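Enquirer: This is the structure I want to talk about, given as structure tokens.
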Amino acid sequence: MTDSDTNEADDLRPSKSERKRQMLALQEMGERLVSLSRSDLDRINIPDERLREAVEIARGIKARGGLKRQLQFIGKLMRSTDTEPIEIGLAILDQQHAVSTAGFHRVEAARDRLRDEGDAALGDILAIWPAAEASVLRQWSRQHPKEIKRGNEKAHARKLFRYLSGLDAAASLDD
């Protein structure tokens with residue numbers, strides 16, 4: 001091999017800094033797996049059984065140093081594992097979280113509009129959720145000032161939020 005062949009081979013390999021960034025990214029993905037809830041973790045396809053076992057062990061470690069070593073071990077295992085199914089699973093979880101957060105904000109905004117504007121907001125809410133009972137919403141908006149005087153505003157707002165959340169969940173199932 002000549003010097004030019006050696007230089008070309010060096011150019012094809014990632015730099016030490018790039019390899020370190022890749023290892024840290026895999027370790028962060030492992031940290032994310034460890035921090036997931038049991039149900040979310042079960043929904044992710046982890047192809048390597050040793051990796052799944054290492055994640056389970058890390059979930060039980062409370063000592064900071066021990067957890068750090070276990071996370072480094074998880075990163076090491078991830079370097080020899082196909083991480084594409086894990087990345088896809090995490091992306092799906094992120095998307096589902098974003099959708100549920102958007103739904104939460106939509107319901108919260110509708111509740112606040114009904115509280116602030118009363119009957120004026122009723123038409124828009126019925127346009128969003130046609131299955132809503134106008135009489136229930138109208139009754140709630142008219143009863144709201146009385147609940148404020150009684151000091152039951154928060155309980156009343158939670159009740160409406162649950163009602164609107166149910167409508168939103170039913171509408172999303174229909175879609």
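Enquirer: Please give the FRET efficiency for Ser17 paired with Thr101, using the beta carbon to beta carbon distance and R0 = 30 Å, rounded to the nearest 0.05.
Expert: Working: r = 35 Å, r/R0 = 1.18.
Computed FRET efficiency for Ser17 and Thr101: 0.25.
Enquirer: For segment 1-159, what is the convex hull volume of the alpha-carbon atoms per residue, in Å³? Display every interim value, and only then the final one.
Expert: Working: hull volume 35.2 nm³, N = 159.
With only Cα atoms used, segment 1-159 gives 222 Å³ per residue.
Enquirer: Kindly provide the Kirkwood hydrodynamic radius of segment 95-174 in Å, to one decimal, from all pairs of distinct alpha carbon atoms. Please list the in-between numbers first.
Expert: Details: mean 1/r = 0.0774 Å⁻¹.
This gives a value of 12.9 Å.
Enquirer: Could you give the C-alpha radius of gyration of segment 3-82 expressed as a fraction of 2.2 N^0.38 Å, taking N as the number of residues it contains? Before the final figure, lay out each step's value.
Expert: On the way: Rg = 16.0 Å, N = 80, 2.2 N^0.38 = 11.6 Å.
With N residues counted in segment 3-82, Rg over 2.2 N^0.38 Å equals 1.37.
Enquirer: Here's something else I'd like to know. On C-alpha positions alone, give me the angle between the axis of helix 153-174 and the longest principal axis of the chain, in degrees, nearest 10.
Expert: In the chain, helix 153-174 runs at an angle near 60 degrees to the longest axis.
Enquirer: Right, another one. Ile148 to Glu133: extension gain in nm, 0.36 nm per residue of separation minus the Cα-Cα distance? Don't skip to the answer; put the middle values down first.
Expert: Numbers: separation 15, 0.36 × 15 = 5.40 nm, distance 2.29 nm.
Net length gain for the segment: 3.1 nm.
None of the figures in this text is laboratory data; all of them are computed from the coordinates on show. Everything numeric here is computed off the predicted structure, so don't read it as measured data. Note that we place each Cβ from the backbone using ideal geometry, even for glycine, and neighbour counts take in every protein chain shown.
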